[in-house]
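Colleague: My questions all concern the structure below.
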Protein chains: 2
Amino acid sequence: MIEARVTVTLKTGVLDPQGKAIEGALAALGFADVGAVRQGKVFDIVLEDGDPQAARARLEAMCEKLLANTVIEDYAITLPPAR
Amino acid sequence: MIEARVTVTLKTGVLDPQGKAIEGALAALGFADVGAVRQGKVFDIVLEDGDPQAARARLEAMCEKLLANTVIEDYAITLPPAR
């Protein structure tokens, strides 16, 4: 069993209105030194099959097909350190 | 300037219908070995002030006040390694 984490973030240059709104809300709460906020998504995925090499390939396929919109989003896959 | 990452995830035991839907969609796409999926949020925050100690405290305050619903969500703060 492998517990992987996939992080999906907007590519640089893509507008992020949600991040902008959070920026404004933080400033309104008194956090004056917040420069920029970008919001992304994180998926914690449990894979039953335990082979890390195959896992990375399968997770990439999941990102390409469903989890990320690769036109505007980047994804990063984090696997637990091999034992 | 500090680029911090805040990851907000649902606490264990809290139902995650969005994660369940992704689980179903991945299974329908042929990813048969997906055991469980939980979705969370990630915030990439740029702080203008460069003191890492103060940064962590301020980021915790941001999570408590705005970024996370601490009744049902956990948050984790990742700061870049000190130089």
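Colleague: GluC sites (Glu not before Pro), restricted to chain A: which are DSSP loop and have at most 11 other Cβ atoms within 10 Å?
Modeller: Numbers: sites: A:Glu3, A:Glu23, A:Glu48, A:Glu60, A:Glu64, A:Glu73; in loops: A:Glu48.
Sparse-neighbourhood loop GluC sites (Glu not before Pro): A:Glu48.
Colleague: If you don't mind, another one. Which residue, A:Leu47, A:Leu26, A:Leu67, has the most motion in a Gaussian network model of chain A that connects Cα atoms within less than 10 Å?
Modeller: Among A:Leu47, A:Leu26, A:Leu67, the largest GNM mean-square fluctuation belongs to A:Leu26.
Colleague: Compute the length gained on full extension between B:Asp51 and B:Ala32: take 0.36 nm times their separation in residues and subtract their Cα-Cα distance, giving the result in nm to one decimal.
Modeller: Fully extending the segment from B:Asp51 to B:Ala32 adds 2.2 nm.
Colleague: Which residue fluctuates most in the GNM of chain A (Cα springs below 10 Å): A:Asp33, A:Asp49, A:Asp16?
Modeller: Evaluated over chain A, the most mobile residue of the options is A:Asp33.
Colleague: Something else now. Which whole-Hz ³J(HN,Hα) couplings does region B:10-17 yield from phi under the Karplus relation 6.51 cos²θ - 1.76 cosθ + 1.60, θ = phi - 60°, glycine and proline marked x?
Modeller: Coupling constants for region B:10-17: 5, 5, 4, x, 7, 4, 10, x Hz.
Colleague: Ok, one more. Based solely on C-alpha atoms, express the radius of gyration and the Dmax of the protein assembly as shown in angstrom.
Modeller: Considering the protein assembly as shown through its Cα atoms, Rg and Dmax are 16.8, 48 Å.
Colleague: Still on this structure, please answer the following. How far apart are the A:Pro52 label points across copies, placing each 7 Å from Cα toward Cβ, in nm, shortest first?
Modeller: So the label point of A:Pro52 gives 2.5 nm to the other copies.
Colleague: Using only atoms on other chains, find how many Cβ atoms lie within 10 Å of each Cβ of peptide B:43-50 and report the average.
Modeller: Taking the mean over all residues of the peptide, I get 6.
Colleague: On to the next question. Could you identify which residue out of B:Gly19, B:Gly50, B:Gly30 has the top mean-square fluctuation in a GNM of chain B using Cα springs shorter than 10 Å?
Modeller: Most flexible of the set in this elastic network: B:Gly30.
Colleague: If you don't mind, there's one more thing I want to ask. Based on C-alpha coordinates, I'd like the Rg and Dmax of chain B, in Å.
Modeller: 16.2, 48
Colleague: Rounded to whole Å, how close does chain A get to the rotation axis onto B by Cβ? Give me the residue too, please?
Modeller: In residue-and-Å form, the answer is A:Val42, 2.
Colleague: If you don't mind, there's one more thing I want to ask. Hey, what number do you get for chain B at 222 nm if only DSSP H runs of n ≥ 4 count, each worth -39500 (n - 2.57), divided across all residues, to the nearest 500? Working shown, then result.
Modeller: Numbers: 2 runs with 23 residues, N = 83.
After summing the helix terms and dividing by the residues of chain B, the value is -8500 deg cm²/dmol.
Colleague: Another one. For peptide A:25-35, how many partner chain Cβ atoms fall within 10 Å of a residue's Cβ, on average?
Modeller: 5
Colleague: May I ask you to report, in nm to one decimal and beginning with the shortest, the distances from B:Thr70 to the same position in the other copies, taking label points 7 Å along Cα-to-Cβ?
Modeller: From this label point to the equivalent ones elsewhere in the assembly: 4.1 nm.
Colleague: On to the next question. Given label points at 7 Å from Cα along Cα→Cβ, what nm distances, shortest first, separate B:Gln18 from the same residue in every other copy?
Modeller: 0.6
Colleague: Through the Karplus equation 6.51 cos²θ - 1.76 cosθ + 1.60, θ set to phi - 60°, convert the phi angles of region A:62-72 into ³J(HN,Hα) values in whole Hz; use x for Gly and Pro.
Modeller: Computed from phi, the couplings for region A:62-72 are 4, 5, 5, 8, 9, 6, 10, 8, 6, 5, 10 Hz.
Bear in mind that the values in this text are calculations on the coordinates, not laboratory data. Quick caveat: nothing in here was measured; it's all calculated off a predicted structure. Positions of Cβ are backbone-derived with ideal geometry, glycine not excepted, and every protein chain shown enters the neighbour counts.
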